[in-house]
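Colleague: One structure follows; several queries about it will come next.
The values are calculated or read from the model by the stated rules, or taken from the named source; none is laboratory data. Being a predicted model, the structure only gives us computed values, none of them experimental. Methodologically, a virtual Cβ is constructed for each residue, glycine included, from the backbone with ideal geometry; neighbour enumeration extends over all protein chains shown. Heads up: the accessible areas ignore ligands, DNA and RNA and are worked out on the full protein's heavy atoms, side chains in. Shrake-Rupley method; radii C 1.70, N 1.55, O 1.52, S 1.80 Å.
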Amino acid sequence: MSEIKLRVMSGMRSTGPLHMGHYFGVLKNWIVLQEQYTCFFGAMDWHAQMGKYKESFEVDPIVRDNIAEWIAWGLDPQKCCIYVQSLVPETLELFMAFAVLTPMGWLERVNTWKDSTEEMKQTDTHNLGRFAYPVLQTADIAIMGASLVPIGKDQVSHLEISREIVRRFNSLYKAKLPEPKPLLTENAMVPGTDGRKMSNSYGNFIPLSEEPKALEKRIRAMPTDPQRARRENPGNPEVCPVYGYHKLFSSDEDLKWVVQGCTTAGIGCGDCKARLFSNINRLCEKPRETKKELLHNTNRLDAIIHDGVQRVRKEAQTTLKTVRAAMKFFGGVQS
Ligand code: TRP
Ligand code: SF4
């Protein structure tokens, strides 16, 4: 009996360089999933345009940067399919098929649309494309025939709509597209370096390919337990963002060392931060170099992407054929 692996699809919007939040929240899961499932991971450049089209930002270098980062941290193009959304135009055809059967009301209820209307109006992104964000996402998933989607909690409402759209499609056209389910994976929440919620506008994140000097500077600038105004004051690691980061990056032994040293004023915050720096840097060192090589060797990265896109498009074209047939489109001309 041959084993049929379930298909997993996920993507990241190509809006900028990746940081620790992307690694612990998304990428780390992908690296595990590629071993167990047939995986498709995409750089979502159309989704990036929805929020940034007016900035005439260059999406191409971001796509390259992100894909190089994924591979540097452990995604293996031999084990999963890595591709670029806009290079799979079949997706947009399926998007249209879904658009004709998706009631406005479903989309109006999505939190990210409902709640940020003011901001969207100010940035001129209160647009049809952005309104249809979850519909395009549904097409991304369904075009691969994927049934599992690893996503964060903030994306659950999008995926619910995806399920409803696919269900409606299947019942209207007697089709059998798989209904996507969220793959709830454990992912650590990474707080901002200042203890607040991590946010681009606060600048309180650590880029994955940060150079050592800049990394050290960032860590040195982190606030600590305010009770430790002086070296001789004992502190409480639980209220300190530096300890929050140790929990993500340091060994149990180091964690004990911090708790012991902090609560007894046995170590200074400088020592504590130096240890954190060296632990983070050790983790980032190799990926940082690998990424540099990948970005330098344009041909190799292009070949990986080209190969991924080819494989994805083959799947996409197969799906599209069944979709067109199910909708009883004109079937006479083979393209
Ligand atoms: N919405 C996702 C994000 O915010 C990106 C994305 C686009 C995606 N299409 C998808 C994720 C399909 C999972 C499945 O990064
Ligand atoms: Fe924070 Fe470490 Fe200083 Fe304690 S010793 S307050 S955990 S930086």
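Colleague: Where in the chain are the helices, taken as whole DSSP H runs, whose Cα atoms extend 20 angstrom or more along the long axis and whose Kyte-Doolittle mean reaches at least -0.5?
Modeller: Those that pass (Cα extent of 20 Å or more, hydropathy at least -0.5) are 59-73, 156-173.
Colleague: I've got another one for you. I'd like to know how region 243-294 sits against the 2.2 N^0.38 Å rule of thumb: what's its Cα Rg over that expected value? Kindly include the intermediate steps, with their values, before the conclusion.
Modeller: Values: Rg = 13.3 Å, N = 52, 2.2 N^0.38 = 9.9 Å.
Against the empirical 2.2 N^0.38 Å value, I get 1.35 for region 243-294.
Colleague: Charges on Cβ only, +1 for Lys and Arg, -1 for Asp and Glu, centred on the Cα centroid of the chain; of Ala97, His47, Ala303, which one is farthest towards the dipole's positive end?
Modeller: Farthest towards the positive end: Ala97.
Colleague: Right, next: I want to make sure I understand the PRE zone here: with the label point 7 angstrom from the Cα of Glu289 toward its beta carbon, which residues in region 53-86 have backbone N atoms less than 16 Å away?
Modeller: From region 53-86, the list is 72-74.
Colleague: Oh, and also: Starting from the Cα coordinates of region 48-146, work out the convex hull volume and express it per residue in Å³.
Modeller: On the way: hull volume 12.7 nm³, N = 99.
Measuring per residue, one finds 129 Å³ for the Cα hull of region 48-146.
Colleague: Once both labels are modelled 7 Å past Cα along the beta-carbon direction, what's the Ala175-Glu119 spacing in nm?
Modeller: 3.3
Colleague: Let me ask another. How much FRET efficiency would the formula 1/(1 + (r/R0)^6) give for Lys153 and Ile4, where r is the Cβ-Cβ distance and R0 is 30 Å, rounded to 0.05?
Modeller: In this case the efficiency is close to 0.55.
Colleague: Oh, and also: With an 8 Å cut-off on Cα pairs and a minimum separation of 6 or more residues, tell me the relative contact order of the chain in percent.
Modeller: The value is 22 percent.
Colleague: With a cap of 10 neighbouring Cβ atoms within 10 Å, and only residues DSSP puts in a loop, list the GluC sites (Glu not before Pro) found in region 1-59. All intermediate terms of the calculation are to be shown ahead of the outcome.
Modeller: Working: sites: Glu3, Glu35, Glu55, Glu58; in loops: Glu3, Glu58.
Filter output for region 1-59: Glu3, Glu58.
Colleague: What residue among Val190, Ala175, Ser209 has its Cα farthest toward the positive end of the dipole of region 162-220, where the charges are +1 on Lys, Arg and -1 on Asp, Glu, each on the Cβ?
Modeller: The residue sitting farthest along the positive end of the dipole is Ala175.
Colleague: Efficiency by 1/(1 + (r/R0)^6): what FRET value for Ser56 and Lys197, r their Cβ-Cβ distance, R0 = 25 Å, to the nearest 0.05? If you can, show how the numbers build up before the last one.
Modeller: Numbers: r = 29 Å, r/R0 = 1.17.
About 0.30, to the nearest 0.05.
Colleague: Oh, and also: If you take the charge dipole of region 212-291 about its Cα centre, with +1 on Lys and Arg Cβ and -1 on Asp and Glu Cβ, which of Phe249, Asn233, Ala221 is farthest toward its positive end?
Modeller: It is Ala221, whose Cα lies furthest towards the positive end.
Colleague: Could I ask something else about it? Please grab the % of Cα pairs in the chain that end up more than 34 Å from each other.
Modeller: That tail contains 33 percent of the Cα-Cα pairs.
Colleague: Right, another one. How many nm separate the modelled label positions at Thr185 and Leu101, each set 7 Å beyond the Cα in the direction of the Cβ?
Modeller: Calculated label separation equals 3.0 nm.
Colleague: May I ask you to rank Arg7, Arg220 by accessible area, largest first, using a 1.4 Å probe over the protein chains only?
Modeller: Accessible-area ranking of Arg7, Arg220, largest first: Arg220, Arg7.
Colleague: Right, another one. Given the whole protein assembly as supplied and a 1.4 Å probe, what does the accessible area of Met96 come to in Å², nearest 10?
Modeller: The accessible area of Met96 comes to roughly 110 Å².
Colleague: In nm, to one decimal, how far is the modelled label at Glu93 from the one at Ala274, with both set 7 Å along Cα→Cβ?
Modeller: In this crude spin-label approximation the distance works out to 6.3 nm.
Colleague: With viscosity set to 0.692 mPa s and temperature to 37 °C, compute the Stokes-Einstein D of region 181-335, Rh being the Kirkwood radius across alpha carbon pairs; µm²/s, no decimals.
Modeller: The diffusion coefficient I find is 168 µm²/s.
Colleague: Run the lone-cysteine check on the chain: no other Cys C-beta under 4.7 Å from the residue's C-beta.
Modeller: By the Cβ distance rule, which asks for a partner under 4.7 Å, the isolated cysteines are Cys81, Cys240, Cys262, Cys269, Cys272, Cys284.
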